[in-house]
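First comes the structure, then the notes that go with it.
The values are calculated or read from the model by the stated rules, or taken from the named source; none is laboratory data. As the structure is a prediction and not an experimental result, all values here were calculated from the model. Here the Cβ positions follow ideal geometry from the backbone for every residue, glycine too, while neighbour counts run over all protein chains shown. In case anyone asks, the SASA skips ligands and DNA or RNA and just uses the protein heavy atoms, side chains included. Shrake-Rupley method; radii C 1.70, N 1.55, O 1.52, S 1.80 Å.
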Amino acid sequence: MSFYVTTPIYYVNAEPHLGHAYTTIGADILARHMRQRGEDVFFLTGTDEHGEPVAQAAEREGVTPRELADRNAQRFLDLMPKIDVSNDFFIRTSDERHTERVQEVMQRVHDNGHVYEGTYEGFYCPRCADFKTPTELGPGNTCPIHEIVLEVVTEENWFFRLSSFEGELLRLYEEHPDLIAPDFRRNEAIAFIRGGLQDVSLSRPKLDWGVPLPWDPEQVMYVWFDALLNYYTALSFARPGEDLTDRYWPANLHVMAKDILKFHSIYWPALLLAAGIELPKRMYVHGYLLMGEKKMSKSLGNVLDPFEAIDKFGSDALRFYCFREVSFGQDGSISTAGFEARYETELANDFGNLASRVLAMIDRYRDGVVPEGAEVDPDLADGEGGLGGIEVLVTGLLDRTEITRALEVCWGAVRRLNRYVEERKPWELAKADDGAELDRVLYNLAEGLRVVTLLLHPYVPRSSDVLLAALAEDSRELAAFGSRGGGQSVERIAPLFPKLS
Ligand code: MSP
């Protein structure tokens, strides 16, 4: 089966920060997990390059929008291998192949009668590229996200008949309750629709950094329509000479934070309905990474640089920390102190030490060969944190995009394996010359470690590759506890998570 997963495409008005890395890693965990299950995965990320946010930032810096876009898109492109993101394509909306396709789709929306010419007046946030409704405004007519005072803007332009989709959208959410998760986000979308939809302007008259409207090239398209369509257009040119649209559309999952829920839950389905394109199957809306009490964001100046964090802790630790510390779906604070604490206690001690100990004991007591012919120990397989059926549990959670809960299940198993070492004391069994019991314990430890490391692979791809190689495991397919019988030669490894200097 195909599995097409996307991240938002990020504005190039600034460099990437950890908030962008967070969503992208989340989508990467899902993409990697699905590949392990043998699915035909396509994973898209990229940059949103048109519109006011970029044009204004370029003006402030005294460069052209294209120069700014090229420079910052490169920073996003450089970030992907740094955080071990396995995207299949990186779309840039300034790519002509995208703009041509956007024009085609929007012409269809026009021809289907969903646009008209008119005047619009309202409070406009240039950083969001969005008119705010009275209920969305912060105190003193401010943007609730950027905390800047907004001005009333009047524009002559083209409109999209969003209001005409109210009934259809409400029916859609009623008939497809799975379209948006978590549930409380779907309820927010429904409440927004029930509050009444206004038509939205579809073009900008005084801007030339964008996609010209095919039927009125004096105006450029509203950047959100240009941007949302990336999920669809990318498939037509991601592989030269091939159109992947039939293979991967509709998308299985759009991942994003709650700041752009309105665009994805209302504008996006309405636009697709207007163009006669199938709707995506699901969207998952996560919360914010906070620094202190506030959303980490460039405009608030409290961002953590992902490049710096990786230099200090490594990419696996960053990937692990973000999803362990902040429950995916909720807001949560992160801090360097919290990062260091989890690195030491969980990665280095719980997981790293378990791996080193198990491999060292098999080396010492069994010449590096995992004992063969031993049975799975029910004490390790059953109950809380048990290894039996763990892959089914994790698979089920990740099918619901429960990235943190799936990691909790894996960590429960890591801790259970550590307790097993402490309880069975292989060193005492070796002294007592209890060969059969020692075989059984060592086999169970090696097998448990293999199974849980395969499940952890999407979270910590680098260290799990090292560990799986040491465990003589070539495949990355998920495995059931006890499915491998032993007999393989394993090797000792250097600490997976060395002490921080
Ligand atoms: N360009 C639009 C998206 C268009 S998608 C068709 C945009 N870009 S953005 O650069 O502002 O990125 C917003 C997204 O970045 C959020 O939805 C989220 O995925 C991610 N995040 C940015 N800051 C974040 C946090 N502090 N916490 C969590 N996610 C963060 O909006």
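Brief remarks on what is shown
- Site pair Asp216 and Ser163 shows an inter-label distance of 1.7 nm when each label is modelled 7 Å from Cα along Cα→Cβ.
- Rounded percent of accessible protein surface that carbon and sulfur make up, the chain, 1.4 Å probe: 47 percent
- Estimated at 0.36 nm per residue, the fully extended path between Glu136 and Ala337 surpasses their Cα-Cα distance by 68.8 nm.
- Rounded to the nearest 10 degrees, the angle from helix 96-111 to the longest Cα principal axis of the chain is 60 degrees.
- Extension gain from Glu491 to Arg415, taking 0.36 nm per residue of separation minus the Cα-Cα distance: 25.2 nm
- Contact order normalised by residue count of the chain, Cα under 8 Å, 6+ apart, percent: 15 percent
- Computed from the C-beta positions of Asn353 and Ser86 and an R0 of 30 Å, the FRET efficiency is 0.60 to the nearest 0.05.
- A cut-off under 14 angstrom between Cβ atoms defines the neighbours of Ala479, and their net charge, with Lys, Arg +1 and Asp, Glu -1, is -1.
- The label-point distance for Glu156 and Gln198, in a model that sets each label 7 Å from Cα toward Cβ, rounds to 2.0 nm.
- At R0 = 35 Å, FRET efficiency that the Cβ-Cβ distance of Glu428 and Ala480 yields, to 0.05: 0.75
- DSSP bridge analysis restricted to the range 2-312 gives an antiparallel fraction near 55%, rounded to the nearest 5.
- Point-charge dipole on Cβ atoms (K/R +1, D/E -1) for the range 153-270, about Cα centre, debye to 20: 300 debye
- Residues Val392 and Asp70, FRET efficiency given R0 of 60 Å [Cβ-Cβ distance, rounded to 0.05]: 0.80
- Distance from the Cα centroid of the range 83-113 to that of the range 262-290 is 15 Å (rounded to whole angstrom).
- As a length-normalised measure over Cα pairs under 8 Å and 6 or more apart, the relative contact order of the range 1-141 settles at 26 percent.
- For the chain, calculated [θ]222 nm from helices alone, where every DSSP H run of n ≥ 4 adds -39500 (n - 2.57): -13500 deg cm²/dmol
- Annotation: per residue accessible area for the chain equals 40 Å², rounded to a whole number [probe 1.4 Å, protein chains only].
- A simple spin-label model places the labels of Val369 and Arg108 6.3 nm from each other, with each point 7 Å out along Cα-to-Cβ.
- What you get for the chain, charging only the Cβ of Lys and Arg (+1) and of Asp and Glu (-1), is a dipole of about 660 debye around the Cα centre.
- In order along the range 260-269, the phi-based Karplus estimate (6.51 cos²θ - 1.76 cosθ + 1.60, θ = phi - 60°) of 3J(HN,Hα) comes to 10, 4, 4, 5, 7, 8, 10, 4, 5, x Hz; Gly and Pro are listed as x.
- Structural size metrics of the range 383-467, computed from C-alpha coordinates, are Rg and Dmax of 14.5, 48 Å.
- Calculated diffusion of the range 303-375, Stokes-Einstein form, Kirkwood radius summed over Cα pairs, 20 °C and 1.002 mPa s, µm²/s: 147 µm²/s
- Placing unit charges on each Cβ (+1 for Lys and Arg, -1 for Asp and Glu) gives the range 336-470 a dipole about its Cα centre, and among Val376, Leu387, Pro461 the Cα reaching farthest toward its positive end belongs to Pro461.
- Expected-Rg normalisation [2.2 N^0.38 Å, Cα atoms] applied to the range 2-312: 0.96
- Loop-located trypsin sites (Lys or Arg not before Pro) in the range 188-285 whose Cβ has at most 13 other Cβ within 10 Å (DSSP): Lys206
- Loop-located trypsin sites (Lys or Arg not before Pro) across the range 378-447 with a Cβ neighbour count of 12 or fewer within 10 Å are lacking, with loop assigned by DSSP.
- Taking the range 2-312 as the region of interest, the number of lysine pairs whose Cα atoms are within less than 23 Å, with members eight or more places apart or on different chains, is 18.
- Two-decimal ratio, the range 1-118, of alpha-carbon radius of gyration to 2.2 N^0.38 Å: 1.24
- The long axis of helix 390-399 is offset from the longest Cα principal axis of the chain by roughly 0 degrees.
- Rel. contact order, % - alpha carbon contacts under 8 angstrom, at least six apart, the range 111-217: 27 percent
- Tilt relative to the chain, helix 183-194 - C-alpha long axis, 0 to 90 degrees, to 10: 10 degrees
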